[in-house]
1. Semi-axes of the equivalent ellipsoid of region 197-268: what are they in whole Å, largest first, if each equals the square root of 5 times a C-alpha gyration tensor eigenvalue?
2. What's the ranking of 41-52, 173-184, 204-215, 100-111 by average number of surrounding C-beta atoms within 10 Å, highest first?
3. Over region 1-136, average the accessible area per residue using a 1.4 Å probe and give it in Å², no decimals.
4. For the chain, give the percent of accessible area contributed by carbon and sulfur heavy atoms, probe 1.4 Å, rounded to a whole number.
5. Rolling a 1.4 angstrom probe over the protein heavy atoms, how many square angstrom per residue are accessible across region 154-202?
6. Contour minus end-to-end for GLN68 and LEU136, with contour as 0.36 nm per residue of separation and end-to-end as the Cα-Cα distance?
7. With label points built 7 Å along Cα→Cβ from the Cα atoms of ASN3 and GLN28, find their separation and express it in nm.
8. Which number comes out as Rg/Rh for region 75-161 once both Rg and the Kirkwood Rh are worked out on C-alpha atoms?
Amino acid sequence: MKNKKMAPIGVFDSGVGGLTVAREISRQLPYENIVYFGDTARVPYGSKSQNTIIRFSEQIIRFLRTKQVKAIVIACNTASAFALDAVQHEQDIPVLGVIGAGAKVAAEETVNKRVGVIGTVGTVGSGIHEAYLKKLDPKITVIGKACPLFVPLVEEGWLHDPVTVEVANRYLQELKDKDVDTLILGCTHYPLLKPLLKAEAPGITLVDSALTTAEAAAQALAAADLLNSGNGSADYRFYVSDIPLRFRTIGERFLGRSMEQIEMVSLG
């Protein structure tokens, strides 16, 4: 059983965004080894069909299983929305998405039952957060707002730039007008904008999906008696389907640490 506990957690995303989830897992579970896969050759997922996203997710999970992972975190809102149910049933290890845990926290936090969701066009359009929240509490009203400009601004590193402040104010105004008291950050890029969003929407409770997903992963591992309580330093490995020019620069900003080893693999 000891070896099983020392096995890594598999984390995957369509690109670099899921590194915010990997960072939060490494913060909350410092002894856990992580194998990360970014499908950088086929990003973005938001514009692709559900069948395609399920196929991509199955391919990535097959690859992660070759690394003997003990659990898998789908650190991508689009893949969580479209593929989680399909792939969960095929696996004999815990498989978690990034949507359920955040919805649960939002349902607990909201006082006036008005919850906002910001994300990509695909994630907001899928209505998946609304479905989760309505299941938890039918009285909740969900207001979705697609924020397509946030991803390029975050990848540019413009986290406190006047341009980003202006864009954030325009996106948030509609949610403020609709009296939202709790806001789900429904994209794995958005945790980097948390300080800015907190400053621009001081009365709104922010729900960080990276944070809630790491908490859910800790609970799932504990329930399956798979937590690594070792005392050595954790091992982090990074795999991608293509190495774009700026992947390391952006990736290290998202991860908050240097990425020693980035290996390219073909999933064909």
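1. Square roots of five times the eigenvalues give 27, 24, 13 Å.
2. Top to bottom by mean Cβ count within 10 Å: 204-215, 100-111, 173-184, 41-52.
3. That works out to 40 Å² per residue.
4. With neighbouring chains kept in place, the figure for the chain is 51 percent.
5. For region 154-202, the per-residue accessible area is 45 Å².
6. Stretched out fully, the GLN68 to LEU136 stretch lengthens by 21.1 nm.
7. Result: 2.9 nm between the two label points.
8. 1.02
The values are calculated or read from the model by the stated rules, or taken from the named source; none is laboratory data. As the structure is a computational prediction, the values presented were derived from the model and not from experiment. For neighbour counting, all protein chains shown are included, and Cβ atoms are generated from backbone atoms with ideal geometry for every residue, glycine included. Protein only, heavy atoms only, side chains kept; ligands, DNA and RNA dropped before computing areas. Shrake-Rupley method; radii C 1.70, N 1.55, O 1.52, S 1.80 Å.
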